[in-house]
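> Take this structure, written in structure tokens, and hold onto it; I'll ask about it next.
Just so it is clear, none of the values below were taken in a lab; they were calculated from the coordinates. Everything numeric in this text was worked out from a predicted model, so none of it was measured. Neighbour counts are summed over all protein chains in view; Cβ atoms, including those assigned to glycine, are modelled from backbone coordinates with ideal geometry.
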Amino acid sequence: MTAFALPRPGRLLLALAPAPALAQVPLLPPQVLGALWLGGLLGGLALSLLLLAICHRWERRLLLVAAACFSWAGLLAMPSARDPMVLPLQVLLALSLLMLLLRQADLRHRGLDLLLLFPAAAALALAWALPETLGQRIQAGLPVMLGIEVLVVAALFLWRRWRLWLRLGLSDWLEVLQQVQHTVLPLLVATAVGGLLLHWERQRQLPLSVAVLLVLLAGGLLVSFARRREQAEQRLRHSEVQMHERIAELDRHHQQLSDQRLEQVTERERKRIAGDLHDDLGAKLLTIVHTSDNERISSLAREALEEMRLSVRGLTGRPVQLLDAIGDWRAEVVSRLAQSNIEADWVSLTEDVAHTLPARAYVQTTRIIRESISNVIKHSGATRCVVRCALADGDFQLVIQDNGKGVPTEKDGRLDRGHGMASMKSRAKQMQGQCLVESGPGWGTLIRLNIPL
């Protein structure tokens, strides 16, 4: 084997040496320089793969390829084929390739590893321990045995991979590239190394093709590791997104269940209170209405009974058809205004609608209408009252206008609040609606109520 040794003088000495002295320094052949460069590259790749294998214990292949690169880099740097370190490097190279092929062929078993390690270790120990003649024979025969093992395992590896190709098929170019990386390169390296070990004694110099194949194999593993790492990070990010979405969905579901449970409990309590009011308080008020001789008491009891029934209707939570609600309001308003000798002009909807009002909205609207009509009767001095109903932009509009004396204003110019106007506005706000009051001396009062449907 040709000796590949670096010149001892350093760069600083060469820089300081005179030109005639530099001319006398022998230049290394290009093949020697190439071998040194590839040996350094293999050493760097071996170190990188070793560090990755230490940090990621499940990537044992990286450790095996690192051992193969390190051993071949060492063989390239050996000054002589008779160097004592050549045989251990040969054993390390052969064993790393054998274990790599077995793992690539899905034949990973501790028994196989021990079957490969023990004979090689024993032969290496005997080669060093026995006398010179026997030791030299073992040293000469051990590379041949290792070469035969590498070629046999390479043939087994190829057979296993061929069966896998026949079963799966290669329809995607990415699969083809992966098979080249995981099959062709290891097979080429093993075949070349096996042939070299069989004819080691006749080798004058190591071919650089094996070093190139090892560089491609190690580089491919590094690229594959980086790609798998990126894919794992993408899967992790996707899993995190799915987890957050699932947690948010569970939170929404839990909130819906909580709201539904609260609504059920609230509904049962409303029905219980409504039943108690209707059965107990309603019965007693009805008794007062029919048995009292005092007209004033009987009238108050009748009004309280109507308010109680309205409250019970709101507590039961049953929605009311808008047309039915308008009919109830019209009958009550016209009756109350007629009893006070006020002309009632009711303008209802011009078309049939299928809208409904929630129970609470019906109750609040009824109380706003009652308060408005009470103000017309008690305070306005009006002779005529117009009530108009309309639908506009998804809202129900109710306008109550009289021809009375209007609402007096306070010192700051705002309307007097002693007629329940604050209560009407508060009730409209609870329904997400609006209640506006316009008034002036000589032209009466206008109340405009908007309720979203």
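> What nm value, rounded to one decimal, do you get for the distance between W37 and W443 when each label is placed 7 Å out toward the C-beta?
Calculated label separation equals 10.1 nm.
> So, one more: Please label the shape of region 198-263 as rounded, prolate or oblate, based on the square roots a ≥ b ≥ c of the eigenvalues of the alpha-carbon gyration tensor (a/c under 1.5 means rounded; beyond that, a/b larger than b/c means prolate, else oblate).
Here region 198-263 falls in the prolate category.
> Now a separate question. Provide the packing ranking of 397-403, 353-359, i.e. peptides ordered by the mean count of other C-beta atoms within 10 Å per residue, highest first.
In decreasing order of mean packing, 397-403, 353-359 become 397-403, 353-359.
> Take the Cβ-Cβ distance between K378 and Q255 as r, set R0 to 45 Å, and report the resulting FRET efficiency rounded to the nearest 0.05.
0.40
> Still on this structure: So if each residue of separation counts as 0.36 nm, and I subtract the Cα-Cα distance between L117 and V347, what length gain in nm does that give?
Residue separation times 0.36 nm, minus the Cα-Cα distance, leaves 72.3 nm.
> Determine the relative contact order of region 318-452: mean sequence separation of Cα pairs under 8 Å and six or more apart, normalised by residue count, in whole percent.
23 percent
> In nm, to one decimal, how far is the I148 label point from the Q430 one, both placed 7 Å along Cα→Cβ?
With each label placed 7 Å out from Cα toward Cβ, I get 10.1 nm.
> Taking amide H atoms as placed 1.01 Å from N in the peptide plane, list the residues 5 or more away in sequence, or in a different chain, whose amide H sits under 5 Å from that of T356.
So T356 has HN proximity to L322.
> Name all residues of region 349-384 having a backbone nitrogen under 15 Å from the label point set 7 Å from the Cα of A392 along its Cα→Cβ direction, giving them as ranges.
349-350
> With label points built 7 Å along Cα→Cβ from the Cα atoms of S224 and R246, find their separation and express it in nm.
Between S224 and R246, the label points sit 3.1 nm apart.
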